[in-house]
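> Have a look at the structure that comes next, please.
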Amino acid sequence: MELTSILPILQKIPVFADLNEQEHNEIVKNIVMNYFPVGHVFFNEGDNGDAGMYIIKRGMVKISRKGPFNVEKEIAILSDNDFFGEMALVLNEPRNATATAIGECEVFQISKADFEKLMQTSPVLANKISTEFIAREKKNKL
């Protein structure tokens with residue numbers, strides 16, 4: 001993917017906005033853009049996190065969990081410039097929620113291996129992901 005076409009998008013996404021040029025280049029080398037229809041399930045609660053993390057360029061994604069009696073409970077609705085799927089990578093545990101497209105989506109995807117490499121080489125990115133992770137954990141426990 002070309003840096004000139006994706007860089008403006010990366011700079012709009014809060015978690016990537018303050019990275020330096022070298023870090024942006026690393027992301028661009030390792031990112032894939034995919035299109036998904038309404039109803040597409042990115043992953044289910046309990047799946048492994050090998051598919052990586054996702055960044056929504058355009059669209060809407062519902063994050064949900066199974067509650068008592070297997071009743072689905074909506075956790076969040078994400079849209080343009082939001083990201084998801086990082087928690088399974090940070091914790092190295094199975095997915096703790098299900099992510100489903102509720103609008104047509106253009107989504108960037110970073111594989112688990114590339115995500116781990118970026119976290120090791122970019123303290124700024126690691127800090128932002130950690131901060132967001134902690135905020136989401138606090139919100140989910142309320």
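The values are calculated or read from the model by the stated rules, or taken from the named source; none is laboratory data. From a predicted model like this one, the values you see are computed outputs, not experimental measurements. Here the Cβ is made from the backbone with ideal geometry for all residues, glycine too, and neighbour counts use every protein chain on show. Note: areas computed on protein heavy atoms with side chains; ligands, DNA, RNA excluded. Shrake-Rupley method; radii C 1.70, N 1.55, O 1.52, S 1.80 Å.
> Counting only protein heavy atoms and using a 1.4 Å probe, what share of the accessible area of the range 6-80 belongs to carbon plus sulfur, as a whole percent? Can you show the working numbers first?
Details: 2180 of 4210 Å².
Answer for the range 6-80: carbon and sulfur cover 52 percent of the accessible area.
> Shifting gears a bit: Of K66/K117; K12/K73; K66/K138; K73/K117, which ones are farther than 26 Å apart at the Cα? Mind dumping the intermediate values first?
Numbers: K66/K117 32 Å; K12/K73 30 Å; K66/K138 18 Å; K73/K117 33 Å.
Check vs 26 Å cut-off fails for K66/K117; K12/K73; K73/K117.
> Okay, next question. Using Cα pairs closer than 8 Å and at least 6 residues apart in sequence, work out the relative contact order for the range 12-142, in percent.
Numbers: 244 pairs, mean separation 46.0, N = 131.
Relative CO of the range 12-142 lands at 35 percent.
> Something else: Send over the Kirkwood Rh of the chain, from the inverse of the averaged 1/r over different Cα pairs, rounded to one decimal Å. Intermediate values should be presented prior to the final figure.
Details: mean 1/r = 0.0649 Å⁻¹.
Answer for the chain: a Kirkwood hydrodynamic radius of 15.4 Å.
> A further question follows. Which of E72, E86, E23 ends up with the largest GNM mean-square fluctuation for the chain, with Cα atoms connected below 10 Å?
Comparing E72, E86, E23 in the GNM, the peak value goes to E72.
> A follow-up question, please. Direction-averaged shadow area of the convex hull around the Cα atoms of the range 51-90, nm²?
3.3 nm²
> With r defined as the distance between the Cβ atoms of V71 and Q11 and R0 fixed at 35 Å, what FRET efficiency is calculated, to the nearest 0.05?
Working: r = 40 Å, r/R0 = 1.14.
With a Förster radius of 35 Å, E is 0.30.
> Here's something else I'd like to know. Of P123, P37, P68, which is the most mobile in a GNM of the chain whose springs link Cα atoms less than 10 angstrom apart?
P68
> Explain nothing, just the number: dipole magnitude of the chain about its Cα centre with +1 on each Lys and Arg Cβ and -1 on each Asp and Glu Cβ, in debye rounded to the nearest 20.
Details: 16 positive and 20 negative charges, 97 e Å.
Rounded to the nearest 20 debye, it is 460 debye.
> A further question on this structure: Work from the charge dipole of the chain (Cβ charges, +1 for Lys and Arg, -1 for Asp and Glu, about the Cα centre) and give the residue of P8, G46, V124 farthest towards its positive end.
Going by the Cα projections, it comes out as G46.
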